[in-house]
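> Pasting a structure below so you can have a look.
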Amino acid sequence: MKRELPNPLQNYSILVADADQQLAGVLKMMLENMGFPNVEMTRSGADARDLLQQKLFDFLITEWNIHHLDGLALITQIRRGVVSPNPTLPIIMLTGRAERADVAMARDTGINEYVVKPFSAKTIYDRLERLIEKPRYFVAAPSFVGPDRRYKSTPPPGVSNRRTLTITPQPHSPKEAAGNLIGDTPKLWTPDFSLKQKLGESQSLQALITPAVLKEAQASIDANTAYSLQWVKKDLAEMKALHQKMVEGKTTGNAANDISEVALAINSRAGTFGYGRAAEVAYKLYLFCRNRLQPNNRAHHTIVQKHIEVLQVILSNNMRGMGGREGAQIAMELHNLVLKYAS
């Protein structure tokens with residue numbers, strides 16, 4: 001009888017923090033099909049912080065927008081907190097926010113990797129492989145704590161080297177210095193290959209997670225496509241209700257923020273499950289609401305309404321992908337509408 005070899009990936013523990021537990025559940029299933037059996041989920045940043053203090057995790061995958069303690073605040077507490085159990089914890093920010101300013105802010109907070117939703121098995125695998133196979137130097141300075149933001153040791157031709165100070169790597173682990181990590185002068189630690197060592201000698205992640213395994217992991221995402229359409233339609237119904245309240249002047253909070261967050265959720269879910277045009281329309285609405293929407297402006301009400309109507313058509317007709325010529329025409333009409341009424 002053939003004896004099964006132990007799975008080295010069972011040596012890793014992953015924590016997923018995301019308010020969207022349906023999408024997080026799909027991510028968990030995908031990771032398990034990839035070969036990682038130890039995946040826990042939470043929708044709360046505060047709960048994620050508590051779990052990290054109770055148990056040693058090897059990776060954190062977090063959304064930006066999570067309950068009670070947002071993703072950036074959670075990362076700040078991990079990197080700079082005096083009671084942080086592991087200030088060097090590898091962190092992947094997995095979020096629908098794709099603006100360059102958001103990416104820069106997250107990197108300055110100390111993340112290792114930034115992945116924009118919608119996600120695929122391949123994009124998540126690529127980031128995990130980089131964290132395991134190619135760890136970076138770790139830096140602690142008054143203005144920044146986290147992995148070295150430069151992947152290369154020398155800058156490309158014509159670009160000046162931003163690091164002008166030579167820093168001698170510390171002799172001890174940054175985990176030993178937790179709570180006393182930040183001083184008046186910058187500190188530097190050499191790359192930590194302990195995650196690599198968990199794979200075992202002469203073993204690579206690529207050898208374990210083959211293209212066939214990745215295909216199976218992606219299939220676990222695709223298997224939820226039918227359910228996902230119902231999730232997106234629920235989001236759209238919520239958006240309609242928020243829009244109606246805005247039109248009637250009955251909003252009690254930040255209408256622009258509320259609608260933009262639902263639009264971002266639609267973008268993440270629709271894109272992950274193959275509804276590319278719906279994801280694009282939702283993201284354009286997210287940007288409009290985040291940057292320009294005036295809740296008392298009737299022309300802006302029209303812009304939101306038209307985006308909702310287009311999403312309704314796309315979803316009702318089960319238009320997967322980018323919708324071909326018809327989808328491109330829809331995108332152009334919405335673009336022109338925003339130009340006409342957004343002032």
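> Pairs only if they're at least six apart or on different chains, beta carbon under 9 angstrom, first in the range 53-69 and over 22 Å from GLU261 (Cα atoms) and touching a residue at least 40 places away in the same chain (Cβ under 8 Å), second among the basic types (Lys, Arg) and open to solvent by 20 Å² or more (accessible area, probe 1.4 Å); list them, first residue then second.
ASP58/LYS198
> Is it the case that GLY35 is more than 15 Å from the chain's Cα centre (by Cα) and closer than 30 Å to ALA270 by Cα?
Yes; evaluated as a whole, the condition is true for this residue.
> TYR227: open to solvent by less than 20 Å² (accessible area, probe 1.4 Å) and either outside any loop (DSSP other than H, G, I, E, B) or modelled with pLDDT of 90 or more (or both), yes or no?
Here the answer is no, as TYR227 does not meet what is asked.
> Do we have GLY45 as without any contact (Cβ under 8 Å) to a residue 40 or more places away in the chain and touching a Gly at 6+ places or on another chain (Cβ under 9 Å) here?
Here the answer is yes, as GLY45 does meet what is asked.
> Give the residue that is farthest from LEU94 (Cα to Cα), with candidates limited to residues of the range 7-37 that are among the hydrophobic types (A, V, I, L, M, F, W, C) and not in a helix (DSSP H, G or I).
Residue satisfying both the conditions and the ranking: PHE36.
> Next question, about the same structure. List pairs: first in the range 100-123 and part of a strand (DSSP E or B), second surrounded by fewer than 17 Cβ atoms within 10 Å (Cβ to Cβ) and polar (S, T, N, Q), Cβ under 6 Å, 6+ apart or cross-chain?
VAL115/THR123
> In the range 262-308, what residues are surrounded by fewer than 20 Cβ atoms within 10 Å (Cβ to Cβ) and closer than 17 Å to TRP64 by Cα?
Once the filter is applied, which keeps residues that are surrounded by fewer than 20 Cβ atoms within 10 Å (Cβ to Cβ) and closer than 17 Å to TRP64 by Cα, the range 262-308 yields LEU287, ARG290.
> Any residue in the range 242-259 that is within 16 Å of PRO118 (Cα to Cα) and surrounded by 16 or more Cβ atoms within 10 Å (Cβ to Cβ)?
no
> Those residues that are in contact with a Gly (Cβ under 8 Å, 6 or more places away or on another chain) and not in a helix (DSSP H, G or I), I need them from the range 265-274; list them, please.
Listed by number, the list holds a single entry, GLY274.
> For the subset of the range 188-210 comprising residues that are touching a residue at least 40 places away in the same chain (Cβ under 8 Å) and of a type in the set (Ser, Thr, Tyr), which member is nearest to PRO142 (Cα to Cα)?
Start the filter on the range 188-210 by keeping residues that are touching a residue at least 40 places away in the same chain (Cβ under 8 Å), which leaves 188-193, 195-196, 198-200, 203-206, 208-209.
Those left that are additionally of a type in the set (Ser, Thr, Tyr): 190, 204.
Details: THR190: 19, SER204: 36 Å.
Here the residue is THR190.
The values are calculated or read from the model by the stated rules, or taken from the named source; none is laboratory data. Since the structure is predicted, the reported quantities are computational estimates derived from the model, not experimental observations. All Cβ positions, glycine included, derive from the backbone under ideal geometry; neighbour counts span all protein chains shown. Heads up: the accessible areas ignore ligands, DNA and RNA and are worked out on the full protein's heavy atoms, side chains in. Shrake-Rupley method; radii C 1.70, N 1.55, O 1.52, S 1.80 Å.
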